[in-house]
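Q: Take this structure first; my questions come after.
The values are calculated or read from the model by the stated rules, or taken from the named source; none is laboratory data. All of these numbers come straight from a predicted model, not from anything done at the bench. Please note: Cβ atoms are built from the backbone with ideal geometry, for glycine as well, and neighbour counts cover all protein chains shown.
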Amino acid sequence: MKGEDFALLQSLSVGSVVLPNRVVMGSMHTGFECHPERFDELARFYAERAKGGVGLITTGGFAPNFAGRMKDEPGTLERPDQVADHRKITEAVHAAGGRIVLQILHAGRYGYHSAVVAPSPIKSPINRDVPRELGAVEIVQTIADYANTALLAIAAGYDGVEVMGSEGYLISQFLASRTNHRQDEWGGSLENRARFPLSVVRAVRQAIGADRILSYRISAQELIEGGLSDDEILWLAKQVEAAGADCLSTGIGWHESAVPTIAGTVPHAAFAEAIRRIKNVVSIPVTASNRINLPEDAERLLVDGVADLISMARPFLADPAFVNKIRDGKSELINICIACNQACLDHYFTGQIISCLVNPRAAREVQFTDEPAAVIKRVGVIGGGVAGISAALEAGRRGHHVTLYESGPEVGGQFNLAAQVPGKEDYGRAIEGFRQQLRAAGVHVRTGERIEIAALERENFDEVIVSTGVTPRLLDIPGADDPRVVGYTSILDGSVKAGERVVIVGAGGIGHDIALTLALGEDHRGQTVQAFERRWGIGGPATLPQPHRSVTMLKRSPGSFGKNLGKSTGWILRTELKDLGVRQLAEVKYLKIDADGFHVEINGQVEVLPVDTIVVCAGQTSVRHLADELEARGQSVRLIGGAKLAGELDAKRAIYEGAVIGNGI
């Protein structure tokens, strides 16, 4: 298909503004919003996406007043003296040929500070503070504050605004009987509870006039008890349209919902039918969102009439040129978002500036250069895992002559193994994209050969980067050579099929992934939308999966399992293992393995665990002998990834190190 034939690339009128295509960069907090002194960096971040062809950008949320802030730091747009800083953003985006709207977000009881307010004084389960109930006069003032922020946004050069009305923030809190227990005109019936959001839309419409975009982010599904029903959402959609919105951007769930909405375990485009229902009852454009990261899925949603626009947030962290690559007929070069959340959401939740695991340039654009290298060098990269790939790509793109060596049959390293874990299938798609990018960057890839020192010396490389990765640590107890003892790589590469009774040694991220893989069974990869809905009780009672095996996890250290898993995704994995009946034992002393089983000591008591397979996930050690030999011969070597530092696998660090080294040559 030619670029111009894609529905994604067709223009669309949103209100009086004509967008050049149907792709929206969805709102995400970057961490810059609270730091006006870093708006130059934020401007470059957005401008890079505008240059990449996206039709419309939505900023991270800015609060309309002090009480509406997300965190106990700046993050509002409420005063004229703030306009100049925002002009840095809009001017950069417009200079790059893009369009951008500012999202107005009042956090309500989701704010992490002592001044939080809400319709009713009901504490959120994900927050520490009980909100103060808004008085009637304050509600009217808050509506005016939304309008004021919208007016300031237009003065700053934004092409419009988006009113955040979903995902559990203040507007959701007014709408839901779960959080609105008021007895005045702002509570009670749905019509009264909707008075606040509809008043906000009308006030904002009046403030910005008819020639700027007014988007309203609406929940397509609330996924929470006491939230709006499907019929109530459709009623609200029609009311918001009548109040003056130009388009409806869909969100899914509340942040306190016990249902995954954007993690890798969620099937692609899982919420399409909920979005379609909204499109069927309104005449303004509707934007689809949530777990849309592949160009073919985005295209299908438009062709099938699910939505008029496609919103993607994290995919534009992974690849700012997503749209241009489609237009140029090079979709295979897109850097795919793997929905890991490790460098985006998890960064934000821990007070860091967001970035992207598969694209460490994201929000670090000022640290990297696209200029051709002043001196072209011969660069050898030893090891084709993600660290080596990252280094080779950056060096190749700057014009160096790069050779990437991989002893295995294909590049990808641990990512190829991770792709076998249920919910991580996109890792495989990412590796395929990396392979195509290596080809496009002119990197010479040599697989299936173990490089020798003499061969490297003959190549006469100016720079050698060693990313030979890690090797799994072995058990060191009597019986560790028992054939039932295997490494996690043997499970994931399919060379060993686990028995019915499995013991997993180690409780890091790999141990949890192995436990899920074996408890679910190898045939549970890539679940359907219907299976996902049944599993998580969407539209009916949850149907928990039946365990495929008996799985026990062991660790030597005290404390609960999974504390170091991702902040935004760890709860999902912990829930899945609990529901699958995975047994977890801490403070275990490993004694021996014999014909009777795995002998352990727990709380001073010896227990023999009957076992068919023991999977060792007890950490890694660096593979760096080649680097040591090269350095001994006087070759300057740069170590990256697992070869530099082993321990728990850290693809985020490995890819970043590779990118920095490769780009700096």
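Q: Which ranges mark the strands (runs of 3 or more DSSP E) fully within the stretch 453-497 that have 2 or more residues being at pLDDT 95 or above and not assigned by TED's automatic domain parsing to the domain that holds GLY399? I'd like the intermediate steps shown before the answer.
A: Details: elements: 463-466, 470-472, 485-487.
Hits in the stretch 453-497: 485-487.
Q: Please verify whether the stretch 361-371 includes one or more residues that are modelled with pLDDT of 95 or more, within 16 Å of the chain's Cα centre (by Cα) and either over 27 Å from TRP571 (Cα atoms) or β-branched (Val, Ile, Thr) (or both).
A: Checking the stretch 361-371: at least one residue is modelled with pLDDT of 95 or more, within 16 Å of the chain's Cα centre (by Cα) and either over 27 Å from TRP571 (Cα atoms) or β-branched (Val, Ile, Thr) (or both).
Q: Output yes when any residue across the stretch 395-414 is at pLDDT 95 or above, in a loop (DSSP other than H, G, I, E, B), touching a Phe, Trp or Tyr at 6+ places or on another chain (Cβ under 8 Å) and not assigned by TED's automatic domain parsing to the domain that holds ALA519, and no when none is.
A: Yes; the residues of the stretch 395-414 include at least one that is at pLDDT 95 or above, in a loop (DSSP other than H, G, I, E, B), touching a Phe, Trp or Tyr at 6+ places or on another chain (Cβ under 8 Å) and not assigned by TED's automatic domain parsing to the domain that holds ALA519.
Q: A further question on this structure: Within the stretch 225-236, how many residues turn out to be within 15 Å of ARG193 (Cβ to Cβ) and touching a residue at least 40 places away in the same chain (Cβ under 8 Å)?
A: The total comes to 7.
Q: Turning to a different aspect of this structure: The conditions are (1) under 16 Å from ALA430 (Cβ atoms); (2) hydroxyl-bearing (Ser, Thr, Tyr); (3) modelled with pLDDT under 95, and SER390 fails exactly one of them. Which is it?
A: Looking at each condition in turn, SER390 falls short on (3).
Q: If a residue must be among the aromatic types (Phe, Trp, Tyr) and surrounded by fewer than 21 Cβ atoms within 10 Å (Cβ to Cβ), how many such residues does the stretch 40-68 contain? Lay out the reasoning, then the answer.
A: So in the stretch 40-68, the residues among the aromatic types (Phe, Trp, Tyr) come out as 45-46, 62, 66.
Of the ones still in play, those that are also surrounded by fewer than 21 Cβ atoms within 10 Å (Cβ to Cβ) are 66.
Here the count works out to 1.
Q: Would you mind stating whether VAL200 is at pLDDT 95 or above, over 16 Å from LEU236 (Cα atoms) and of a type outside the set (Lys, Arg)? Talk me through it step by step, then tell me what you get.
A: Values: at pLDDT 95 or above: yes; over 16 Å from LEU236 (Cα atoms): no; of a type outside the set (Lys, Arg): yes.
In short, no.
Q: Take PRO80 and decide whether it is surrounded by fewer than 17 Cβ atoms within 10 Å (Cβ to Cβ) and at pLDDT below 95. Walk me through it before giving the result.
A: On the way: surrounded by fewer than 17 Cβ atoms within 10 Å (Cβ to Cβ): yes; at pLDDT below 95: no.
Against the criterion (surrounded by fewer than 17 Cβ atoms within 10 Å (Cβ to Cβ) and at pLDDT below 95), PRO80 does not qualify.
Q: Restricting attention to the stretch 213-234, which residues are part of a loop (DSSP other than H, G, I, E, B) and hydroxyl-bearing (Ser, Thr, Tyr)? Give the steps one after another, and end with the answer.
A: Initially, the stretch 213-234 is screened for residues part of a loop (DSSP other than H, G, I, E, B), giving 222-229.
Matches in the stretch 213-234: SER229 only.
Q: Any chance the stretch 210-232 includes a residue that's aromatic (Phe, Trp, Tyr) and over 18 Å from GLU162 (Cα atoms)? Spell out how you get there, then give the answer.
A: Residues of the stretch 210-232 aromatic (Phe, Trp, Tyr): 216.
When the remaining residues are screened for being over 18 Å from GLU162 (Cα atoms), the result is none.
Within the stretch 210-232 (the criterion being aromatic (Phe, Trp, Tyr) and over 18 Å from GLU162 (Cα atoms)), the answer is no, since none of the residues qualifies.
Q: Kindly list the number of the only condition in (1) among the aliphatic types (A, V, I, L, M); (2) at pLDDT 95 or above; (3) in a helix (DSSP H, G or I) that fails for ILE354.
A: (3)
Q: Quickly run through the stretch 608-639 and pick out the residues that are touching a Phe, Trp or Tyr at 6+ places or on another chain (Cβ under 9 Å) and touching a residue at least 40 places away in the same chain (Cβ under 8 Å).
A: LEU609, PRO610, VAL611, ILE614, VAL615, VAL616, CYS617, GLN635
Q: Please name all residue pairs, on different chains or six or more residues apart, with Cβ atoms under 7 Å, provided the first residue is in the stretch 143-172 and is assigned by TED's automatic domain parsing to the domain that holds ALA243 and modelled with pLDDT under 95 and the second residue is surrounded by fewer than 24 Cβ atoms within 10 Å (Cβ to Cβ) and in a strand (DSSP E or B).
A: The qualifying pairs do not exist here.
Q: For the stretch 590-635, which positions are among the charged types (D, E, K, R), modelled with pLDDT of 95 or more and either within 14 Å of VAL485 (Cβ to Cβ) or within 37 Å of the chain's Cα centre (by Cα) (or both)?
A: Going residue by residue through the stretch 590-635, those that are among the charged types (D, E, K, R) are 592, 594, 596, 601, 607, 612, 624, 628-629, 631, 633.
This time we only want the ones that are modelled with pLDDT of 95 or more, so: 592, 594, 596, 601, 607, 612.
Residues satisfying the conditions are LYS592, ASP594, ASP612.
Q: Please find, among PHE349, PHE316, PHE368, the residue that is on the phi < 0 side of the Ramachandran plot and touching a strand residue (DSSP E or B) at 6+ places or on another chain (Cβ under 9 Å).
A: PHE316
Q: For the condition assigned to a loop (DSSP other than H, G, I, E, B), out of contact with any Phe, Trp or Tyr (no Cβ under 6 Å at 6 or more places or on another chain) and in the same structural domain as TYR158 (by TED's automatic domain parsing), what is the one hit in ALA237, ALA263, ALA274, ALA242? Can you show your working first?
A: Values: ALA237 fails: assigned to a loop (DSSP other than H, G, I, E, B); ALA274 fails: assigned to a loop (DSSP other than H, G, I, E, B); ALA242 fails: assigned to a loop (DSSP other than H, G, I, E, B).
Within the list ALA237, ALA263, ALA274, ALA242, the selection yields ALA263.
Q: Hey, another quick one. Looking at the stretch 335-392, which of its residues are charged (D, E, K, R) and either in contact (Cβ under 8 Å) with a residue 60 or more places away in the chain or touching a Phe, Trp or Tyr at 6+ places or on another chain (Cβ under 9 Å) (or both)?
A: Here is the first cut: in the stretch 335-392, the ones charged (D, E, K, R) are 346, 361, 364-365, 370-371, 377-378.
Those that are charged (D, E, K, R) and either in contact (Cβ under 8 Å) with a residue 60 or more places away in the chain or touching a Phe, Trp or Tyr at 6+ places or on another chain (Cβ under 9 Å) (or both): ASP346, ARG361, ARG364, GLU365, LYS377, ARG378.
Q: Looking only at residues in the stretch 277-296 that are part of a loop (DSSP other than H, G, I, E, B) and in contact with a Cys (Cβ under 8 Å, 6 or more places away or on another chain), which one is nearest to ALA430 (Cα to Cα)?
A: Of all residues in the stretch 277-296, those part of a loop (DSSP other than H, G, I, E, B) come to 280-285, 289-294.
Subsequent filtering for residues that are in contact with a Cys (Cβ under 8 Å, 6 or more places away or on another chain) retains 284-285, 293.
On the way: ILE284: 35, PRO285: 31, ASN293: 11 Å.
Of everything passing the filter in the stretch 277-296, ASN293 is nearest to ALA430 (Cα to Cα).
Q: Still on this structure, please answer the following. Scan (1) part of a loop (DSSP other than H, G, I, E, B); (2) more than 23 Å from CYS247 (Cβ to Cβ); (3) free of Cβ contacts under 8 Å to residues at least 40 places away in the same chain for the single condition GLY329 breaks and write down its number.
A: (3)
Q: Got at least one residue in the stretch 209-225 being under 30 Å from LYS424 (Cα atoms), crowded, with 23+ Cβ neighbours inside 10 Å and among the acidic types (Asp, Glu)?
A: Yes, some residue in the stretch 209-225 is under 30 Å from LYS424 (Cα atoms), crowded, with 23+ Cβ neighbours inside 10 Å and among the acidic types (Asp, Glu).
Q: For the stretch 56-102, which residues satisfy the criterion of being in contact with a strand residue (DSSP E or B) (Cβ under 8 Å, 6 or more places away or on another chain) and of a type in the set (Val, Ile, Thr)?
A: Result: ILE57, THR58, THR59, THR76, ILE89, THR90, VAL93, ILE100, VAL101.
Q: Checking the structure you have, find out if any residue of the stretch 4-13 is charged (D, E, K, R) and at pLDDT below 95. Explain how you work it out, then say what you get.
A: Keep residues of the stretch 4-13 that are charged (D, E, K, R), which gives 4-5.
Now restrict to residues that are at pLDDT below 95: 4-5.
The answer is yes; a qualifying residue exists.
Q: Look at the stretch 186-241 and say how many of its residues are hydrophobic (A, V, I, L, M, F, W, C) and at positive phi. Working first, answer last.
A: Residues of the stretch 186-241 hydrophobic (A, V, I, L, M, F, W, C): 186, 190, 194, 196, 198, 200-201, 203-204, 207-208, 210, 213-214, 218, 220, 223-224, 228, 233-237, 240.
Those still in the list that are at positive phi too: 223.
Residues that pass the stated criteria total 1.
Q: Yes or no: the stretch 285-295 includes at least one residue that is charged (D, E, K, R) and at positive phi. Spell out how you get there, then give the answer.
A: Pass one, the stretch 285-295, residues charged (D, E, K, R): 291.
In the following step, the residues that additionally are at positive phi were identified as 291.
Scanning the stretch 285-295, I find at least one residue that is charged (D, E, K, R) and at positive phi, so the answer is yes.
Q: So, of the residues in the stretch 1-50 that are in contact with a Lys or Arg (Cβ under 6 Å, 6 or more places away or on another chain) and of a type in the set (Phe, Trp, Tyr), which turns out to be nearest to ALA318 (Cα to Cα)?
A: PHE32
Q: Of all residues in the stretch 64-85, count the ones that are under 26 Å from the mean Cα position of the chain (by Cα) and of a type outside the set (Val, Ile, Thr). I'd like the intermediate steps shown before the answer.
A: Kept after step one, since they are under 26 Å from the mean Cα position of the chain (by Cα), are these residues of the stretch 64-85: 68-76.
Pick out the ones that are also of a type outside the set (Val, Ile, Thr) and you get 68-75.
Residues that pass the stated criteria total 8.
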